[in-house]
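The structure under discussion appears below in the form of C-alpha cells.
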Amino acid sequence: MSGRIRSEAFKSKVMSAHEAAALVENGWNIGFSGFTGSGYPKAFPEALAAIIDAAHSKGEELRVGVWTGASTAPELDGALARTGGISYRAPYQSDPEMRTAINKGVSYYQDIHLSHMGPQVSQGFLGKLNVAVIEVTAINEDGDLIPSSSVGMNRTYLDYADKVILEVNGWQSEGLYGMHDIYYPIGALPPNRVPLPIQAAGDRIGGKVLKVDPDKVIAIIETNAPDRNTPFKLLDDDSRAIANNLLDFLGNEVKQGRMPKNLLPLQSGVGNIANAVLAGLLDGPFENLTSYTEVIQDGMVDLLDSGKLTVASATAFSLSPKAAEKMNDNASHYAKKIVLRPQDVSNHPEAIRRMGVIACNGMIEADIYGNVNSTHVMGSRMQNGIGGSGDFTRNGWVSSFVTPSTAKGGAISCIVPMVNHVDHTEHDVQVIITEQGLADLRGMAPRQRAKLIIDNCAHPDFKEPLREYVKLAEKKANGMHTPHDLATALGWHVRFLETGTMVQ
Ligand code: 0RQ
C-alpha cells in the first residue's frame, strides 16, 4: 500500500479496479470526479469499459449514466463512450469519442450550466445517484479525504451517492493539502439557502477536506497515474491579435475610470486564445491582478510566478505536462496563492456578480445582433457544451466572447446573420472580439450592434455579404427592432451543409 490510506477503517476496502467496477449494475448512474482533464479516476473507468464490452459481447444489457464535474480524459469519457454503454452524460464534455456517441444518438447528453449541476443533482432531477467514483490525494487517519487536482462536483456526489468508490492516486502531490476550500453550507436547497460569504477572490470560507460517510465506501482503488495534461498549441498570430484587442479594451476601461488599475477579477475560458490573453497579461502593464475563474491553465501559473497575479480561485487545473510537474513539485508553495473550490462556489452567480468578474470565453459563432452560440455546429451537432461560460457571462461585470473571424480555412464565417443555436443571448453579451477587432456592444440597440459587429469583427471576405443581408432584412422584416428575413437568416449554414462553404 502507498501509505496514502491512513484510516484503519478504510484499509480493508482496497481492491482492484476490476473488482470495484464489477459491482456496477445495469442502469446505474455514476458520479465521477474530474474537471477539464484533472482529478478524474484513472483506473475504474477503463475497468468498467472492459466489463461493459464483455457484457455486450454476450448480448447482455449494461449501460450507465455518467455525471462528472466537466470534461475528463480519454481514460474516462473516451473509454466508456467507445463501448456504447453511456446512456446519459452531463454536464460538460470535450472528448472526441464522447462527442461521437452524442452526435450519433447513442448517448443522451444534457448540457447544464456548471453552477447548476449541484442543485439539480441534489433535487434529484437527474435521478438517483447510485455510486460516486472520486479520485483523492490521500485518506486521513480520521477518514477525511484530501482532494486532488480538481474539486468540481465531488462534495455533492459524495453527499448524495448511495455508495462511494475512492481512487487514491499517489501521483497527486501531498502538497495540495491546504489548497482546497470546501464550503458545505452552499449545498442547502431553497428555502434554506445561505449567502455565499466571498468578497474577494482569495477568501477562504470552508475546510481543507472532503467528508464521506465511511459506511457508504464500498471499494478503494490505489493508482499512480498523471492527469491528462495536454500541451497547449503555440500561440498563433490570430490568438495574439485577439488577446491584444482585449488587453487594449481593458486598458481603456482603466483610463475611462470604469475599472481600477489592477482591473477586476479575471475569468478566462479554456484553450489557446485564453492562454494567449494570459500570456499578454504577462507582458502588459497591469499589476496586482486577481482571478476568480474555474480553470487554472499554464498562463495563470506563469502570472502567479511573475507576481503580476496575486491570487487565483478556481475549481480545477488544466495544465500542460511541464506545468503539472512544476505544480506537483511546488504544490504547498502554490497553495498560498491558489484556492480550489467546489464548482457551485467557483461559478456561483452571487460571487461573480458581487466582485464584478471580467468574463472572457471562446465561442463557435456570434450573430450580427450579438447572440452567441458556444456549443452547436450547423444547428444539430454538439461540440463540447456550455460549461461555465453562462455562469460567468450572465453575472460578470464585463462579458466578452472571443473567436477567430473564420473557421475551417475560411469556409465558415464566425459572424453570421443568425446563430444556429443560442447559448448566450444578446442581453448577456457585451463585447465580441476577433482578430479583426472588437465590438463594444454596451448601451447599443440591435441595429447599432449589427453595424459595429460587421465593421469591427467580421472577416473582410464576409463583410459585404453581411451588409447585403442587413439591407435585405430591413426591406423584408415585419419590424425594424431586430430586422430579419426569416427565409434566408440561416441560409449561410444551409449553404455550408450543401456545398462545404458559406462563401456565395
Ligand atoms: O474544430 O477541432 O474539428 O478543427 O470548433 O475551435 O478554434 O480550436 O477553438 O478550442 O477555443 O474552442 C467554443 C468550442 C472554441 C470552446 C469552443 C470548430 C473549429 C474546431 C474548436 P476542429 P477552435 P477552441 C470555461 C468556459 C464553451 C464552453 C466554455 C468551448 C473546433 O471555447 O467549448 O466557454 N466553449 N467554457 O474548426 C463550425 C464555426 C466554428 C467551428 C470553430 N463557426 N462553425 N465549426 N469551429 N468555429 C471552460 C469550462 O467550462 C470547463
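The values are calculated or read from the model by the stated rules, or taken from the named source; none is laboratory data. Computed from a predicted model, the values in this text were never measured in an experiment. Note that we place each Cβ from the backbone using ideal geometry, even for glycine, and neighbour counts take in every protein chain shown.
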Q: For Pro465, indicate whether it is over 23 Å from Phe249 (Cα atoms), surrounded by 20 or more Cβ atoms within 10 Å (Cβ to Cβ) and either of a type outside the set (D, E, K, R) or under 24 Å from the mean Cα position of the chain (by Cα) (or both).
A: no
**Q.** Which listed residue is within 21 Å of the chain's Cα centre (by Cα) and within 13 Å of the ligand (Cβ to nearest atom), from Pro404, Pro342, Pro349, Pro321
**A.** Pro404
**Q.** Subset of region 237-247 (residues that are surrounded by fewer than 17 Cβ atoms within 10 Å (Cβ to Cβ) and either without any contact (Cβ under 8 Å) to a residue 40 or more places away in the chain or not in a helix (DSSP H, G or I) (or both))
**A.** none
Q | Set Gly410, Gly390, Gly379, Gly385: member being within 15 Å of the chain's Cα centre (by Cα) and either closer than 30 Å to Thr499 by Cβ or surrounded by fewer than 23 Cβ atoms within 10 Å (Cβ to Cβ) (or both) | A | Gly385
Q. Is there a residue in region 126-134 that is touching a Lys or Arg at 6+ places or on another chain (Cβ under 7 Å), within 14 Å of the ligand (Cβ to nearest atom) and aliphatic (A, V, I, L, M)?
A. no
Q) Quick one: which of Ala366, Ala359 is modelled with pLDDT of 95 or more, assigned to a strand (DSSP E or B), more than 8 Å from the ligand (Cβ to nearest atom) and within 27 Å of Val494 (Cα to Cα)? A) Ala366
Q. Considering only region 277-295, how many residues are of a type in the set (A, V, I, L, M, F, W, C) and at pLDDT 95 or above?
A. 3
Q: Sort out for me the helices (runs of 4 or more DSSP H) sitting completely within region 29-133 that have 2 or more residues that are of a type in the set (S, T, N, Q).
A: 96-103, 114-123
Q. What number of residues in region 106-145 are surrounded by 22 or more Cβ atoms within 10 Å (Cβ to Cβ) and within 30 Å of Ala9 (Cα to Cα)?
A. 13
Q: Tell me which residues, restricted to region 246-260, are over 16 Å from Met355 (Cβ atoms) and touching a helix residue (DSSP H, G or I) at 6+ places or on another chain (Cβ under 8 Å).
A: Leu246, Leu247
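Those residues that are touching a helix residue (DSSP H, G or I) at 6+ places or on another chain (Cβ under 8 Å) and either surrounded by fewer than 17 Cβ atoms within 10 Å (Cβ to Cβ) or basic (Lys, Arg) (or both), I need them from region 273-293; list them, please.
Keep residues of region 273-293 that are touching a helix residue (DSSP H, G or I) at 6+ places or on another chain (Cβ under 8 Å), which gives 273-282, 284-286, 289, 291-293.
Passing the criteria: Leu282, Pro285.
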Q: Search region 75-109 for residues being away from the ligand (no atom under 13 Å from the Cβ) and β-branched (Val, Ile, Thr), and hand back the single one that is nearest to Lys128 (Cα to Cα).
A: Ile86
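Is it the case that Val311 is more than 16 Å from the ligand (Cβ to nearest atom) and in contact with a Gly (Cβ under 6 Å, 6 or more places away or on another chain)? Outline the logic, then answer.
Values: more than 16 Å from the ligand (Cβ to nearest atom): yes; in contact with a Gly (Cβ under 6 Å, 6 or more places away or on another chain): yes.
Yes, satisfied.
Out of curiosity, is Gly396 among the small types (Gly, Ala, Ser) and exposed (fewer than 15 other Cβ atoms within 10 Å of the Cβ)? Don't jump to the end; show me each part of the working.
Numbers: among the small types (Gly, Ala, Ser): yes; exposed (fewer than 15 other Cβ atoms within 10 Å of the Cβ): no.
So Gly396 fails the test.
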Q: State yes or no: is Ser38 surrounded by 24 or more Cβ atoms within 10 Å (Cβ to Cβ) and at negative phi?
A: yes
Q. Is there a residue in region 433-453 that is touching a residue at least 40 places away in the same chain (Cβ under 8 Å), aliphatic (A, V, I, L, M), touching a Lys or Arg at 6+ places or on another chain (Cβ under 6 Å) and closer than 23 Å to Ile242 by Cα?
A. yes
Q. If you check Leu234, Leu250, Leu189, which single one turns out to be surrounded by fewer than 19 Cβ atoms within 10 Å (Cβ to Cβ), farther than 27 Å from Pro342 by Cβ and of a type outside the set (Gly, Ala, Ser)?
A. Leu234
Q) Which one is nearest to the ligand (Cβ to nearest atom) among residues in region 253-272 that are assigned to a helix (DSSP H, G or I) and surrounded by 15 or more Cβ atoms within 10 Å (Cβ to Cβ)? A) Asn272
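More than 16 Å from the ligand (Cβ to nearest atom), without any contact (Cβ under 8 Å) to a residue 40 or more places away in the chain and more than 15 Å from the chain's Cα centre (by Cα): does that describe Leu303? Before you say what the answer is, go through the steps one by one.
On the way: more than 16 Å from the ligand (Cβ to nearest atom): yes; without any contact (Cβ under 8 Å) to a residue 40 or more places away in the chain: yes; more than 15 Å from the chain's Cα centre (by Cα): yes.
So Leu303 fits the description; yes.
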